[in-house]
Structures are given as C-alpha cells and as structure tokens.
Amino acid sequence: MSGLDAVGGGPVAELFASRQVPLGGIRGMRVDRLLPHRSLPTVGGWCFLDRFGPQRVDMRVLPHPHTGLQTVTWPLRGEVRHRDSLGNDVLVRPAQLNLMTAGHGVSHSELSTGDAPLLHALQLWLALPAGREGIAPGFEQHTELPTYEGGGLRATVLAGALGEARSPATVHTPLVGADLELAAGTAASLPLRADFEHALLVVDGEVSVAGTTVAAGPLLYLGTGRDALAVSAAANARAVLLGGEPFAGELVMWWNFVGRSHEEIAAARADWEDGDRFGEVAGHGGERVPAPGLPGVRLRPRGRRSWAEG
Ligand code: MN
C-alpha cells in the first residue's frame, strides 16, 4: 500500500517531479508546477505550488479572477506589483508575505517592475475549507514574520506555526509554511506536528532531510506522523516546508478557481466572462485574461492515487 492511499498513513519520503507550464500568455514565462500533482492534490490546505525563475523576465499577468482559495506570494528575488479589485496596489518584495483571500471572488494583476528584472518566486494557494469557501475577499501584507532558529537553520514562518513561532497571516485550516535558510554545516531538527502531513521543496542548493538528499526541483513528500524533522546541509541552501492537517473533502480545481463541484466552477467562469462578481482591477484599461473554455467533460475532484495507477 502506498503512503498516500491512507491519509495519516505515517511517514514516507517520496519525490514528486515538477512539470513545466506556460504562464501569462504569449510573452509569458514558464513555471515549474509542483502542486497539484496528479497523485498528490494537496499537502494540508496547500493546493497549488509554482516556482518560477530565477530568470530575467517581464512578468505580465493581467487581471484574472480567483475563488475558494487564498494566494500566498513569496518572492525570493525581485519584486512584483500587485493590484486587485479591492483597491490594493502594492509592491511584493522578498521577505514580505502577501496573502490574498479570494473567497467568493476577487481579481488581481501581477506585473514585474523595471526592464526584465531577475525574478525568483513561489506562488502558493491555500484551499479554503468547506463552509468558508465563499467568505469575503481580503488582502494582507506582512512585513514582520516570526522566525525559528537552531542548528544553523533560520526558518521564517509565512503561515501557520512552526513550534512556538506563529505567523500573523489569517489562515483557515491548521497548517505551516516556512522558508528555511540553511547555512553551510547546518544540522537542525524542526519541530513538527505529527498529525500534519508535510512536504519540502528545495529552492537553492542541496538539503538532506529524512535520510534523502534533495536538490532544487522536485517536491519531497514526507507523509504524516513526524514530530521532528532532521535537516542538514553541507553548503548554503534554501528550502520551503509546507504542511497541515490533511485536507478534508475533495476539491474541484480548474483554471484559477477552487470549488467543490462542476456547477460552482462553471458559474464562476460565467461570472468572470459576464458579471460584476470579481470587481475590476484599476489601471489596465479593461485589459484582462479571458477564461479558457470549459472542457467537454464534467470537472471532477482530484483524488489521491497510488503509485501503481500513477
Ligand atoms: Mn492569481
């Protein structure tokens, strides 16, 4: 039996490869998508994880809608201008957490500043739990985040809690998201919650974790049942730890929407194409990303599959 067949099935250490997807139209960039993976739709409430860069690129993502989720934008290098239908117009910089709650519906744009700057960033989504998927939209920027330090490692807690270090960001399920900076020679033990499942993505260098040495690229899924995680690095490295209570219920994810049914997603799409549900992002002269056509089949929830089905 694979570790993923039974949520709460205990510790595992399995690598999930990323896939490259285009983002932002013809002038767009390629991103590495880690979540959702066909065999791993979520890690806790984390339902989406893209890594882009480091590359010199004009990022130009025009106004587009979201529902049922929170976006967490975490630049590692470079800055991005965020504008949304709530009237926010901010620069998103490294070491600052930007959390947009879509809930019932919000729209936003993301553009790089300057001429083809060097960008390296993570884009994450948190699925809102049943009963809260339609809450009012909101936006938070946090410039002061708590840290956990020990054994050469410095963890910045973006969301949720790591040990006693708790992020001020508003989240709706028990979880953790932390940026781990490992100095050369790090040998540390991270405090984990055994009822959480966890995964780790190396973004720079190499990290040894749970007996596996991982370089930048794949997502290392660690399963549940760990109350500590030994991490070490011979040279400077950086990684992101994600975890949370295994997400209850199934999600239907399509384009920029997270929902529970085909009908919900189809309604969100129709409302983006024609309606005022998602407001307007000022400063784009009405330019926006049109919704793609729905597939000819009913959208279905993503489930967890065994390796064999793959
Ligand atoms: Mn977006």
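Here the accessible area of the chain is 48 percent carbon and sulfur, with a 1.4 angstrom probe and all protein chains present. Note on the chain: with a GNM built from Cα contacts shorter than 10 Å, the maximum mean-square fluctuation among V297, V231, V157 falls on V297. Descending by average beta-carbon neighbour count within 10 Å, the peptides 146-153, 97-104, 239-246 line up as 239-246, 97-104, 146-153, the highest first. A straight chain from N236 to R166 at 0.36 nm per residue would run longer than the Cα-Cα distance by 22.7 nm.
Leaving out ligands and nucleic acids, and using a 1.4 Å probe, what accessible area per residue does segment 3-244 come to in Å²?
Ligands and nucleic acids excluded, the figure is 37 Å² per residue.
Provide the packing ranking of 202-209, 261-268, i.e. peptides ordered by the mean count of other C-beta atoms within 10 Å per residue, highest first.
For the peptides 202-209, 261-268, the packing ranking is 202-209, 261-268.
Which whole-number percent gives the relative contact order of the chain, counting Cα pairs below 8 Å spaced six or more residues apart? Relative CO of the chain lands at 22 percent. Close amide H partners of E280, meaning residues 5 or more places away or on another chain with modelled amide H under 5 Å apart, do not exist here. Here the Karplus curve 6.51 cos²θ - 1.76 cosθ + 1.60, taken at θ = phi - 60°, turns the phi angles of segment 214-230 into couplings of 10, 9, 4, x, x, 9, 8, 8, 10, x, 10, x, 10, 9, 7, 9, 7 Hz, with x standing for Gly and Pro. Compute the acute angle (0 to 90°) between the alpha-carbon long axis of helix 262-273 and the principal axis of greatest extent of the alpha-carbon atoms of the chain; round to the nearest 10°. Computed tilt is about 50 degrees.
Counting only Cβ charges, +1 for Lys and Arg and -1 for Asp and Glu, the dipole size of segment 3-244 around its Cα centre is about 480 debye.
For segment 82-165, what class follows from the C-alpha gyration tensor (a ≥ b ≥ c being the square roots of its eigenvalues): rounded when a/c is under 1.5, otherwise prolate if a/b is larger than b/c, else oblate?
Judged from the Cα gyration tensor, segment 82-165 comes out oblate (a/c at least 1.5, b/c at or above a/b).
Report the net charge of residues surrounding N98, where surrounding means a beta-carbon distance below 14 angstrom and charges are Lys +1, Arg +1, Asp -1, Glu -1.
Its environment carries a net charge of -4.
The values are calculated or read from the model by the stated rules, or taken from the named source; none is laboratory data. What you see is a predicted model, and the numbers here were worked out from it, not measured in a lab. Every residue, glycine as well, gets a Cβ built from its backbone with ideal geometry; the counts of neighbours run over all protein chains shown. Accessible surface is based on the protein model in full, side chains and every heavy atom, while ligands, DNA and RNA are left aside. Shrake-Rupley method; radii C 1.70, N 1.55, O 1.52, S 1.80 Å.
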